[in-house]
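The values are calculated or read from the model by the stated rules, or taken from the named source; none is laboratory data. Everything numeric here is computed off the predicted structure, so don't read it as measured data. Because the Cβ atoms are built from the backbone with ideal geometry, glycine has one as well, and the counts that use them run over all protein chains shown.
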Amino acid sequence: MKERVNPSPGLRQYAAIVVGVLSLLACPDVKAQDADGTEDRVILQVRPRTEWRDGYKRLRQPGEMGELLTMQRTRLTWHHGTEKWEVRLGFQDVRTFGDMAGNTQTYGALAATESWGAWKPNAKTRITVGRQRIAFDNERIVGAVNWSQYGRFLDGFRWDQTTALGTTTAALTWDAPAGLTRIMGYHVYTSDRHRLSFLYFDQKNSLDPAASVVTSGATWTGKAKNEAVSWVVEAYAQEQRNGQPTSFMGVAGLHGAFGNLGKALVALDWLEGNARGRAFHPFLGTNHRHYGWMDHFYVGLPANGIADARVHWTKPFGNAAWKAHWDVRYHRFYSPSFDDLYANEVDAVVVFKPTDFVQALFGWSVMRATEAMFASQNRSTLENAWQQWGWIAVNFSPSILL
């Protein structure tokens, strides 16, 4: 007798979600609500990415071979909105091709990405409860890390209030396994030529109270009269409860738009750090965006401060029927004191967008590490110190209005 094969738990969960969505599509009550201004939308995403990792996140060692793998993020999100209420339910599966299904060793598990409800008592007030995406400014301190396959979503409460002086946000989130409670306060004011924001971020650690910190700072952006040149200045201070002195982070950047030549950015990021443990930590920052796509700083490994002098250049090309652009970035990484050069890194990507919901991306990053960087990671120095990360990704992300 042929053995019967039962479907995996992950397959059963996916089947239940698909059946639920199909039932929603067929529900006459949902369609009838369109006349009352109600919107129902299904957002789908399939994002496979093939990577060649040869020194990605951690310096390659003698005898280590590169790794070629393909990962995929699959998301299914339903959004329901009215004038006063909104609900969003989202699920994702992240897997490596060839492995068992699911996100964990107990294969077949699905993760809830977004699962929240929001009340809008008036046009200027919004209260959101549940698992949600929270990101402020350019995501240096609080970001959604959406470049990664898993992303980041926080469980908690959020209150947004808009006045003539700007928009104020208050949020409270929990991370029970890590013992972390986070209190966030954020305000942003925007005028025709300037934008000013303030952020308060209090991270309490119940497992290690001495590791609790308070981070606060401001971002100021402005632009010239011709709007071809703009600038950004950021400053943050971090107070630790373990008796260490306050640590600081500063950023200065100059943007320029040069017509057919594209757009450029010249910037310097400085995060304080020293051997005595005094260091600034961007705890929930989307650090991949700022400190090199090789992810050697604040992503792959903890970093004890960094100075990053960088240049970005991006330019569109092609025609309207086949939108495309390239992005090239050069980083020169130093120790916070500027005494040691850690590495030079070049990141490049070409993005094609044949339709509004399809993107194809081809990227390559190379990094030349110095002896000082090998020493900082406690790794053996290589004669050939080049590290690299190459990747190809396709992103299918249609949004279906019901």
Q. If Thr125 satisfies every condition in (1) surrounded by fewer than 16 Cβ atoms within 10 Å (Cβ to Cβ); (2) out of contact with any Ser or Thr (no Cβ under 8 Å at 6 or more places or on another chain); (3) closer than 29 Å to Gly217 by Cα; (4) polar (S, T, N, Q) but one, which is the exception?
A. (2)
Q. Any chance segment 197-205 includes a residue that's out of contact with any Cys (no Cβ under 7 Å at 6 or more places or on another chain), under 26 Å from Asn274 (Cα atoms) and not in a strand (DSSP E or B)?
A. no
**Q.** Selection within segment 234-293 - surrounded by 20 or more Cβ atoms within 10 Å (Cβ to Cβ) and among the aromatic types (Phe, Trp, Tyr)
**A.** Tyr236, Phe280, Tyr291, Trp293
Q: Hey, could you check segment 374-402 for residues that are within 30 Å of Gly37 (Cα to Cα) and not β-branched (Val, Ile, Thr) and say which is surrounded by the most Cβ atoms within 10 Å (Cβ to Cβ)?
A: Leu402
Q: Could you please let me know if Ile134 is more than 22 Å from the chain's Cα centre (by Cα), aliphatic (A, V, I, L, M) and closer than 21 Å to Phe201 by Cβ?
A: no
**Q.** Residues of segment 84-118 that turn out to be assigned to a loop (DSSP other than H, G, I, E, B), at negative phi and either among the aromatic types (Phe, Trp, Tyr) or at pLDDT below 95 (or both), as a count
**A.** 11
Q) Within segment 139-195, can you find the residues that are assigned to a loop (DSSP other than H, G, I, E, B), small (Gly, Ala, Ser) and buried (at least 16 other Cβ atoms within 10 Å of the Cβ)? A) Gly143, Ala144, Gly151
**Q.** Residue tally, condition under 30 Å from Val229 (Cβ atoms), touching a Ser or Thr at 6+ places or on another chain (Cβ under 8 Å) and free of Cβ contacts under 8 Å to residues at least 24 places away in the same chain, over segment 189-216
**A.** 1
Q.
Suppose we filter Ala375, Ala393 for residues that are at pLDDT 95 or above and either under 19 Å from the mean Cα position of the chain (by Cα) or not in a strand (DSSP E or B) (or both); which single one remains?
A. Ala393
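Are any residues in segment 318-335 more than 24 Å from the chain's Cα centre (by Cα) and crowded, with 16+ Cβ neighbours inside 10 Å, and if so, which ones?
Listed by number, the list holds a single entry, Ser335.
Condition check ((1) over 26 Å from Trp231 (Cβ atoms); (2) touching a Phe, Trp or Tyr at 6+ places or on another chain (Cβ under 6 Å)) across all residues:
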position: Gly253; (1), (2): no, no
position: Trp270; (1), (2): no, no
position: Trp293; (1), (2): no, no
position: Val299; (1), (2): yes, no
position: Trp322; (1), (2): yes, no
position: Val328; (1), (2): no, yes
Q. Does at least one position in segment 278-287 carry a residue that is touching a Leu at 6+ places or on another chain (Cβ under 9 Å), within 21 Å of Val145 (Cβ to Cβ) and outside any loop (DSSP other than H, G, I, E, B)?
A. yes
(Q) Can you find a residue that is within 30 Å of Val251 (Cβ to Cβ) and outside any strand (DSSP E or B) anywhere in segment 76-83? (A) no
**Q.** Of the criteria (1) under 23 Å from Ala210 (Cα atoms); (2) without any contact (Cβ under 8 Å) to a residue 24 or more places away in the chain, which one Ile141 fails
**A.** (2)
